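Down below is the structure, laid out as structure tokens.
The values are calculated or read from the model by the stated rules, or taken from the named source; none is laboratory data. In this text, all values refer to a predicted model and were calculated from it rather than measured experimentally. Backbone-built Cβ (ideal geometry, glycine too); neighbour counts: all protein chains shown. The accessibility values were calculated without ligands, DNA or RNA, using every heavy atom of the protein model including side chains. Shrake-Rupley method; radii C 1.70, N 1.55, O 1.52, S 1.80 Å.
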Amino acid sequence: AIDLAAINGSGSSNQPTGILNTANVGLVAGGTNGLAPTLDHLLNLKKEVSIDNADTSTAGYLTNAKVENVLLKLKDDQSNYLLNPYGASLGDSRISGRRFIVSNNVPSNLTKGSASGTLSAIIYGNFADLLIGMWGNLEILVDPFTDFAKGTTGIRALQSVDVAVRHPESFAKMVDAIA
């Protein structure tokens, strides 16, 4: 839930404002109704952060498995894969020297133009500028009574959390990737 809020929190109804909904985050547009992501789109995301002097060697890309699948299939005019689909272990994939991370907490149900609920997001940024504050104690409640007849025990955990983007120029997003 914390990851979901940090990535795509709406900022309303007691929900933090995530990267995708933060004002002044760089934007790379695909097309009127979305567009399949290309290596050029990823490089343009990096450029959006770089021109604001916010790019660092620890910055990286974040998207979901649907977009990753599209990008892994990209080939040059010699039919060579642009990205290594046989490659590195999880977390070691790189594009333009920057980490490429996959999380299905990145939405794949976005809408633009006539593409309704089918588009995905890609984020590039200096994630050190994404602040996640936690305060109070982690509250864990165990309920062995509610579903006693079924032989189950309910467990609920509560934590007070907030999210803030320290510098919006440290991030860029594409929110219309067809995958």
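Brief remarks follow.
- Of Val161, Val67, Val25, the one that fluctuates the most in a GNM where the chain has Cα springs shorter than 10 Å: Val161
- For segment 97-179, applying the loop criterion from DSSP together with a ceiling of 13 other beta carbons within 10 Å to the trypsin sites (Lys or Arg not before Pro) yields Arg166.
- Estimated FRET transfer efficiency (Thr56, Thr146; beta-carbon r; R0 35 Å; 0.05): 0.15
- Solvent-accessible area, 1.4 Å probe, carbon plus sulfur percent, for segment 1-68: 48 percent
- The Rg/Rh ratio for the chain, using Cα coordinates for both the radius of gyration and the Kirkwood hydrodynamic radius, is 1.06.
- Average accessible surface for segment 90-153: 64 Å² per residue, computed with a 1.4 Å probe over protein heavy atoms with every protein chain in place.
- Mean Cβ count within 10 Å, highest first, over the residues of peptides 69-78, 4-13, 36-45: 36-45, 4-13, 69-78
- Were the residues from Leu39 through Asn24 laid out at 0.36 nm apart, the gain over their Cα-Cα distance would be 3.1 nm.
- A full extension of the chain between Asn69 and Ile2 corresponds to an added length of 21.6 nm, given 0.36 nm per residue minus the alpha carbon distance.
- Heavy atoms of Glu139 accessible to a 1.4 Å probe, total area in Å² rounded to 10: 80 Å²
- The simple spin-label model puts a point 7 Å past each Cα toward its Cβ; for Ser79 and Trp135 those points are separated by 6.1 nm.
- Residue-averaged [θ]222 nm for the chain, counting only DSSP H segments that reach four residues, each worth -39500 (n - 2.57): -4500 deg cm²/dmol
- The label-point distance for Thr118 and Arg156, in a model that sets each label 7 Å from Cα toward Cβ, rounds to 4.0 nm.
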